[in-house]
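J.: What follows is a structure written as structure tokens; I'll ask about it next.
No lab work stands behind these numbers, since they all come straight from the coordinates. Keep in mind it's a predicted model, so treat the numbers as computed, not measured. Glycine also receives a Cβ, built like all others from the backbone with ideal geometry; neighbour counts cover every protein chain displayed.
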Amino acid sequence: MRGLAEYIMRGRREATLAVAIAAAIPLLFWFSAAALALVILRRGLSEALPILVWGMLPALVWSFLGDLTPLLVMLGSSALAVVLRQHNDWLRVLLLAVPLGVVFAVALLMALGEPLQALAAGFREMLPELLGQMGVQLDEAARAALLARLDELMIPVLGGVMGAMHMLMVLFSLMIARSWQARLYNPGGFRQEFHQLRLTPLASIGLLIVVVLAPQWPQLAMLSPVASVPLLVAGFALLHGVVGIKNLGTGWLIGSYVLFVLFIRFAYPLIVFLAFVDSLFDFRSRMRPPSGSRGDDDSNSQG
């Protein structure tokens, strides 16, 4: 990856080729967004604007074909890269990603309204069978009330989930760009930033309130998945920070991510809750030795 980052930073022509070609290749939009964000982080938006224009051309083609993801991820990563360059503050980036995720959710709901309606209708038809398999017995009135509630919430929640997924892709691309920047110009810098990332108590309380209460109103239901993303990222930062302080090695991180994928239904809320509690008690400061953790400052370590 270092070689690719060096190629991108050689000049505008090389960066334009990397961004445009990656944007045109299926499933490589994240690399295009990361390359563009790297240019913005290092050289600023004015230098990156011509590259952004060329990179948007294949992304717009994908949009006309029905796939908004390359365009949304590219624009989102660029916007947050500008914020990170100006303020050097990951907390600000995470909080600004929330309204960005809402915009993504609305755009995707508008673009994918018919497929989502069909998906919701299919699930509605399967619900009685699913309830029977789970051993849940409902009378006609209770079943009608449940279906009515699902009809209100399903589309907004699906939109919120898609917005949250695109938020994660944007943040993933930005983190890749930041790690490239650190490898080239500030070894160990991104690792230190990420290990220290922690939400403030006020931010985490506000986000958790939205996550828990937003589904009570169909008009706000899409906010719940979106608001959980900063807590999720902060939870993973906590995990990386603890592994760094304890010098546990990358095997622990790999195993943790595998378990997260396998048991995401339970792991997701657990990590969100740990991030919330960490914002109140700051576990890493309590675990770190008084003299500081040598492993946490090791620029050659991975994590």
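J.: With r defined as the distance between the Cβ atoms of residue 124 and residue 262 and R0 fixed at 35 Å, what FRET efficiency is calculated, to the nearest 0.05?
T.: On the way: r = 29 Å, r/R0 = 0.82.
That gives a FRET efficiency of 0.75.
J.: Each residue of region 261-274 in turn: what ³J(HN,Hα) in whole Hz from Karplus with 6.51, -1.76, 1.60 and θ = phi - 60°, glycine and Pro shown as x?
T.: Each residue of region 261-274 in turn: 5, 5, 10, 4, 4, 9, 6, 4, x, 5, 5, 4, 5, 4 Hz.
J.: Taking θ = phi - 60°, what integer Hz values does the Karplus form 6.51 cos²θ - 1.76 cosθ + 1.60 yield along region 100-106, in sequence order, with x for Gly and Pro?
T.: For region 100-106, the Karplus curve yields 4, x, 5, 4, 4, 4, 5 Hz.
J.: Summing +1 for each Lys or Arg and -1 for each Asp or Glu, what net charge is found among the other residues whose Cβ lies under 12 Å from the Cβ of residue 93?
T.: Its environment carries a net charge of +1.
J.: Ranking 12, 178, 42 by Cβ neighbours within 10 Å, fewest first, what do you get? Show your work: numbers first, answer last.
T.: Values: 12 14, 178 23, 42 19.
The most exposed by this proxy come first: 12, 42, 178.
J.: Please give the helix 113-133 orientation as an angle from the longest Cα principal axis of the chain, in degrees from 0 to 90, rounded to the nearest 10.
T.: Computed tilt is about 60 degrees.
J.: While we're looking at this one, here's another question. Tell me the label-point distance for the pair residue 254, residue 53, using the 7 Å Cα-to-Cβ offset, in nm and rounded to one decimal.
T.: Taking the simple label geometry, residue 254 and residue 53 are separated by 4.5 nm.
J.: Only counting other Cβ atoms within 10 Å, I'd like 193, 125 sorted with the fewest neighbours first.
T.: Result, fewest neighbours first: 125, 193.
J.: In what sequence, highest mean first, do 245-254, 265-274 appear when ranked by Cβ atoms within 10 angstrom?
T.: Working: 245-254: 13.4, 265-274: 15.0.
The most tightly packed comes first, giving 265-274, 245-254.
J.: If you don't mind, there's one more thing I want to ask. Could you list 87, 240 so that the one with the fewest beta carbons within 10 Å of its beta carbon is first and the one with the most is last?
T.: By the 10 Å Cβ count, ascending: 87, 240.
J.: Evaluate E = 1/(1 + (r/R0)^6) for residue 17 and residue 106, where r is the Cβ-Cβ distance and R0 equals 35 Å; express this FRET efficiency to the nearest 0.05.
T.: Details: r = 33 Å, r/R0 = 0.95.
After rounding to 0.05, the efficiency reads 0.60.
J.: Continuing with the same structure: Along the Cα→Cβ direction, 7 angstrom out, place labels at residue 10 and residue 280. What is the inter-label distance in nm?
T.: 5.4 nm
J.: Using θ = phi - 60° and the Karplus form 6.51 cos²θ - 1.76 cosθ + 1.60, what ³J(HN,Hα) does each residue of region 188-200 get, whole Hz, x for Gly and Pro?
T.: With the stated coefficients, region 188-200 comes to x, x, 5, 4, 5, 4, 5, 5, 9, 5, 8, 6, 6 Hz.
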